[in-house]
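Asks: Please find one structure pasted underneath; my questions will follow.
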Amino acid sequence: MAQFPLFHPFSKFALLFLATLLSTVVLSHQQQPLLSSTEQDAVYQVLDSINSAIPWRSLFPDDLCSSAPHGVVCDLFSNPDVSSPETAHVTELSFGYVSDYTPNPPCSSNSTIDPLLFTSFKYLRKLFFYQCFTETRVSVPEIPPSFGSSLEELVFVDNPSLVGSIGGILGNFTNLRRVVLTGNGFNGNIPDEVAHLVNLEELTLSRNQLGGEISLSFAKLKKLKVLDLGDNDFAGNVPESVGNLSELLKLDLTSNGFSGQIPESLKNMQRLELLDLSLNQFSNSGVPLFLAEMPQLKQVHLSGNLLGGKIPEIWKNLGGLLGIGLSDMGLVGEIPSSMGVHLKNLRYLGLDNNKLEGTVPEEFGFLESVNEINLENNSLSGRVSLSRSFSAKFGHKLKLAGNPQLCVDGFIFFSKTKSAAGLEQLKVCRKPHKPNPALLSVVSSSVQVVVPSKLLFATWVLFMLIFA
């Protein structure tokens, strides 16, 4: 007799089936209303369109509101005008195996979308597809105007073979709170109907083939918290109405063709935590000064836009910043020492591939939470003078290649530690340096003792004599 291998094609679904059985709620002393035969049959047909190799009807022969595959969810609804006080209806449909913790019905290479999906579930609140349309080309079906009045979440993630206009898939879903259409094959522009989705809290349309200028107004989307249009082909100016999104926490427009100036109206988004405008075509306006008026910011990324100008002194009220990306922007002048003074929580600073001059600020020694400081390919010069403790802990995180006029203090170079490896490519400074006593400190667990600069200088001379 043939033996089934451990990882038989149906083993993943067997796990799904077992998880479903274990999670089935058994109602005692009360008869749960059954799903109507019409709605139950529609669920089977939709499941068949997702994966016809699985015998859905025989695996789940009972009422699907009592025992269904993970991802099929029902709820009870009151009907005061009929004899039965409550009826059961499907409210969530999720397809595409995510993990053993989210074992939705697995899709096949020839998955399709059955039109019944948009005609048979008028109580549907959530529709989710993950990696279902990856090979066979699937077009967005025509959705009747009567469908979607209850839908709150519409999620299509990583379905590159799903093509068409997002206007066709959004339909008349006027109650939508969450729209996530990322990594698909959608094209065209954002339809004007989106401007009327007043309950919308998230609009993520990243990694599609959307393009053109955005003409719609965002003024009515007062509840929006996430706007992500990254990795598309949008062009033209960013609408000023984006600044009306006062509840917004994340604005991601990276990797598009937006041009002109960065709208000053963005400063009205006082709750914004992430601003990513990198890899667009904004130019000749400098780093926006209004960033100083957005104290909740945690991430600012403007890399790849030729904004030019100097790095402004705007950091005093931005102590919550964790990441700053200002690479490849045509920046000139010196790096403000105030960045090291005020940005104590900084984890990442990217200033590489600019035209920055002057020295590396000694105040960077205060950034003891940093994971990376990238200053490569600039015109920096002079001595890299950071405290011994900073160099021992963070030397490998300080990237300085492509600055031939920089030199490094000998104690950093000769330490030969792994942590200082990032600095070894620099030449050693010839003349000893008299350190700033405020920046070279020995810190104990309870007391910070500042060592006088004269003593440090004498120690440095003695060190060089011994190891010369």
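The values are calculated or read from the model by the stated rules, or taken from the named source; none is laboratory data. Computed from a prediction, not measured in an experiment: that's the story for all the values here. Ideal geometry is used to build each Cβ from the backbone, glycine not excepted, and the neighbour counts take in all protein chains shown. Accessible surface is based on the protein model in full, side chains and every heavy atom, while ligands, DNA and RNA are left aside. Shrake-Rupley method; radii C 1.70, N 1.55, O 1.52, S 1.80 Å.
Asks: Restricting to segment 205-216, count the residues that are surrounded by fewer than 20 Cβ atoms within 10 Å (Cβ to Cβ) and not in a loop (DSSP other than H, G, I, E, B).
Replies: 4
Asks: From the list Asp62, Asp81, Asp41, which one is modelled with pLDDT under 85, acidic (Asp, Glu) and open to solvent by 40 Å² or more (accessible area, probe 1.4 Å)?
Replies: Asp81
Asks: When only residues in segment 90-103 that are in contact with a Leu (Cβ under 9 Å, 6 or more places away or on another chain) and modelled with pLDDT of 95 or more count, which is most open to solvent (accessible area, probe 1.4 Å)?
Replies: Ranking the candidates gives Glu92 first.
Asks: Select from segment 191-203 the residues that are over 17 Å from Met269 (Cβ atoms) and of a type outside the set (Asp, Glu) and write down the one among them that is most open to solvent (accessible area, probe 1.4 Å).
Replies: His196
Asks: Give the number of residues within segment 243-291 that are in a helix (DSSP H, G or I) and within 22 Å of Leu321 (Cα to Cα).
Replies: 9
Asks: How many residues are open to solvent by 30 Å² or more (accessible area, probe 1.4 Å), of a type in the set (Ser, Thr, Tyr) and within 21 Å of Leu151 (Cβ to Cβ) if we restrict to segment 104-124?
Replies: Matching residues across segment 104-124 total 4.
Asks: Give all pairs with beta carbons closer than 7 Å in which a residue from segment 217-229 that is closer than 15 Å to Glu193 by Cβ and open to solvent by 30 Å² or more (accessible area, probe 1.4 Å) meets a residue that is part of a loop (DSSP other than H, G, I, E, B) and hydrophobic (A, V, I, L, M, F, W, C); count only pairs at least 6 apart in sequence or on separate chains.
Replies: Within 7 Å, the pairs are Lys220/Val198.
Asks: Tell me which residues, restricted to segment 165-190, are open to solvent by 20 Å² or more (accessible area, probe 1.4 Å) and over 20 Å from the mean Cα position of the chain (by Cα).
Replies: Within segment 165-190, Ser165, Gly167, Gly168, Gly171, Asn172, Thr174, Asn175, Asn187, Gly188, Asn189 meet the criteria.
Asks: Has segment 125-141 got at least one residue that is within 29 Å of Lys223 (Cα to Cα) and open to solvent by less than 10 Å² (accessible area, probe 1.4 Å)?
Replies: Yes, segment 125-141 contains at least one residue that is within 29 Å of Lys223 (Cα to Cα) and open to solvent by less than 10 Å² (accessible area, probe 1.4 Å).
Asks: Kindly provide the set of residues from segment 166-186 that are within 21 Å of Pro239 (Cα to Cα) and modelled with pLDDT under 95, ordered by number.
Replies: Scanning segment 166-186 gives Ile166, Gly167.
Asks: Please specify each residue of segment 239-258 satisfying the condition of being of a type in the set (A, V, I, L, M) and open to solvent by 30 Å² or more (accessible area, probe 1.4 Å).
Replies: Of everything in segment 239-258, just one residue is of a type in the set (A, V, I, L, M) and open to solvent by 30 Å² or more (accessible area, probe 1.4 Å), namely Leu249.
Asks: Would you tally the residues in segment 64-82 being outside any strand (DSSP E or B) and closer than 26 Å to Ser108 by Cβ?
Replies: 7
Asks: Among (1) modelled with pLDDT under 90; (2) crowded, with 19+ Cβ neighbours inside 10 Å, where does Glu368 come up short?
Replies: For Glu368, the exception is condition (2).
Results for (1) in contact with a helix residue (DSSP H, G or I) (Cβ under 7 Å, 6 or more places away or on another chain); (2) closer than 17 Å to Cys107 by Cα; (3) touching a residue at least 24 places away in the same chain (Cβ under 8 Å), shown as yes or no for each residue.
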| site | (1), (2), (3) |
| --- | --- |
| Leu117 | yes, yes, yes |
| Leu127 | no, yes, yes |
| Arg137 | no, yes, yes |
| Ile143 | yes, no, yes |
| Val155 | no, yes, yes |
| Pro160 | no, yes, yes |
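Asks: For Ala68, are the conditions met, namely being more than 19 Å from Thr182 (Cα to Cα) and touching a Leu at 6+ places or on another chain (Cβ under 7 Å)?
Replies: Here the answer is no, as Ala68 does not meet what is asked.
Asks: The conditions are (1) open to solvent by less than 50 Å² (accessible area, probe 1.4 Å); (2) free of Cβ contacts under 8 Å to residues at least 40 places away in the same chain; (3) part of a loop (DSSP other than H, G, I, E, B), and Ser303 fails exactly one of them. Which is it?
Replies: Ser303 satisfies all of (1) open to solvent by less than 50 Å² (accessible area, probe 1.4 Å); (2) free of Cβ contacts under 8 Å to residues at least 40 places away in the same chain; (3) part of a loop (DSSP other than H, G, I, E, B) except (2).
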